Amino acid sequence: MKDKHQPQKSVLLTVLLAGFLLLAILLTVTKPPVFAHSASVEERIENSQAWLPTIPDVDWFQQSNNDAPAKYIIVMIADGWGANHIAATNDYTNKTPPYQTWPRYWVSTYPAGGNYQPQSAWSDFAYPLQNPTDSAAAATALFTGIKTQNGRIAVNTNASARLFSLSQKAQALNKATGAVTTVYLSHATPGAWMSHNASRNNGFAIADEGLWGNPNSTGTIVEDGRYGGSFGSSNPQHVVIGAGHPNWQGSSYVNSAIRDKLANESGQTGKFLFVERLAGNADGGDRLLNAANLPATTRLAALFGGTGGNLEYRLADGSGHNPENPTLAQMTTAALTVLNRSPNGFVLMVEGGAVDWASHNNQMDRMIGELIGFNEAVQTVIAWVDEPTNGSSWDNTLLIVTGDHETGYLTAAPNTFANQPLGAVNPTTLALEKVVASTGRRASWQDTNANNEIDDGEQVYWVWNSGGHSNSLIPLFARGVGAAQLAHFATAYDPVRGAYLDNTAVFHLIDGVISYKTFLPLATKR
């Protein structure tokens, strides 16, 4: 039967289409544009090299005071840091790094299946030690916007699909990408930045994917299980600088085949220029910077290491660093120099990975030294952005400084919540730190009766309550394009820290500022 209302419906449809067309034109010619606040899990699972369009599932908002997307994005991760790690370092140095004067946000870090309960965090002292994230899951959340289970590297919880990462998004926009770390270059955090794998332990496949795109570039699972767990090829990074040299206890993550391929190909057209630690050559930083400064260098790989696999620990007083290795600031400078040759800009991840390692071992002296080194690397980036001749400015750059989780559950005293200030942190109290016999954890206190126990009445400066990670909120600082938008993500509330956001917001912020996305209001899911 013919619908007697059909003419009216046709007219209405024509009017609606005309309205949509007019609105689309207005959105195109007006600014600032609108970009997505977040995206669904389904849209972030990527089974091909194509970028899937994002449909927002919460309120959309506008980018403020900028006429273009961010050309340069730098994400800096102090692995394992927390509020008291920062406080201890600032007390020791009697300085507050400039970036810590920027607006501070608090971030939850739990893995898939977990949660953060603010009331429990401040009423049950043991709560923050329950079900914390590891670096693999935390880095995956930061770099893909999706929670996964511990141990996964940029893949979903049941390891059935790879997730689309910031590196891939940047490369799809013809930006250069790079990863810098003070620990194994195929460890969890750089791994989630440059590869996809079912397990963080498959260091050889992770390194191969980051360096050459193919996770089996130098070997197969038949030769070693650490070549397994991959999810196909990716575009390789342009810069990879880290530790894990097989000659310095790094062979569980970077084997000789990987090192030899880098060395044999060094300088060839389209290949990495390769720099490595050389025993007896106290010029690791200079050689790295010289290689980066060569005008023809557009791809740079560097492999250093120390007796524990990471670069030798820097101590609080500045000692400990071995000049056969570069500093993190020098590694960062080298990466910025090479990546800035990309005409379309770049996205860079810099990790101070040994902040976490020192905290696992409850060693305040090493932790402070490593965090000082990280702070110097942050200042290097700030100076680079401020440099008027390299094309960067705070109008085209976003810098995010945060961690992936807290390590060590550092507090002022036993059973004292983390919001209470630590005691004095100085060379004298560093020398007092030792193992508490009954807990096996280290602390700094006046052990007046020398019984290796913290007794009533003894002055305590700090205690480590864990050798692992905690579920505590951690700080985040940001400056540049879109940084103020982080406030829109801080929708949860903690009774001590105040408003906080989830670590997945880091991906969604960068996803928004790296390229504009424009949506009609009716496309927004509610």
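Bear in mind these aren't lab numbers, they're just calculated from the coordinates by the rules spelled out. In this text the structure is predicted, and so the values were computed from the model without any measurement. Don't worry about glycine lacking a Cβ; one is built from the backbone with ideal geometry, like all the others, and counts go over all protein chains shown.
Summary of computed values
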read-out: Surface/4 estimate of mean projected area, convex hull on alpha-carbon atoms of region 297-337, nm²; value: 3.3
read-out: Helix 256-265 vs. the chain, principal-axis angle (Cα, 0 to 90°, nearest 10); value: 60
read-out: Rounded D (µm²/s) - region 72-192, Kirkwood Rh over Cα pairs, Stokes-Einstein at 20 °C, 1.002 mPa s; value: 130
read-out: For 429, 189, order by how many other beta-carbon atoms lie within 10 Å, fewest first; value: 429, 189
read-out: Surface/4 of the Cα convex hull for region 289-362, nm²; value: 5.8
read-out: Amide H within-cut-off set for residue 492, under 5 Å, with H built and near neighbours excluded; value: 500
read-out: Helical mean residue ellipticity (222 nm; -39500 (n - 2.57) per DSSP H run of 4+; nearest 500) of the chain; value: -9000 deg cm²/dmol
read-out: Region 242-349: proportion of alpha-carbon pairs further apart than 17 angstrom, %; value: 55
read-out: Rounded to 10°, Cα long-axis angle of helix 83-93 versus longest principal axis of the chain; value: 50
read-out: Residues 266, 359, 160, 251, sorted so that the one with the fewest Cβ neighbours within 10 Å comes first; value: 160, 266, 251, 359
read-out: Neighbour-count ranking [beta-carbon atoms within 10 angstrom, fewest first] of 272, 489; value: 489, 272
read-out: Low-density loop cleavage sites - GluC sites (Glu not before Pro) in region 256-342, where at most 10 other Cβ are within 10 Å (DSSP); value: none
read-out: Counting all C-alpha pairs of region 316-466, share separated by more than 25 Å (%); value: 43
read-out: Residue 352 long-range amide H proximity, modeled H, under 5 Å; value: 77, 78, 79
read-out: Rounded tilt (10° steps) of 203-212 against the dominant C-alpha axis of the chain; value: 50
read-out: Relative contact order of the chain, pairs being alpha-carbon contacts under 8 Å that are 6 or more residues apart, as %; value: 24
read-out: For region 225-310, size of Cβ-based charge dipole, Lys and Arg +1, Asp and Glu -1, in debye; value: 180
read-out: Region 411-464 - Debye-derived log10 I(q)/I(0), Cα point model, q = 0.18, 0.27, 0.29 Å⁻¹; value: -0.51, -1.15, -1.29
read-out: Three-way shape label, region 248-309, alpha-carbon gyration tensor, a/c 1.5; value: oblate
read-out: Phi to ³J(HN,Hα) by Karplus 6.51 cos²θ - 1.76 cosθ + 1.60 over region 119-126, Hz, x for Gly, Pro; value: 5, 5, 4, 10, 10, 10, 4, 7
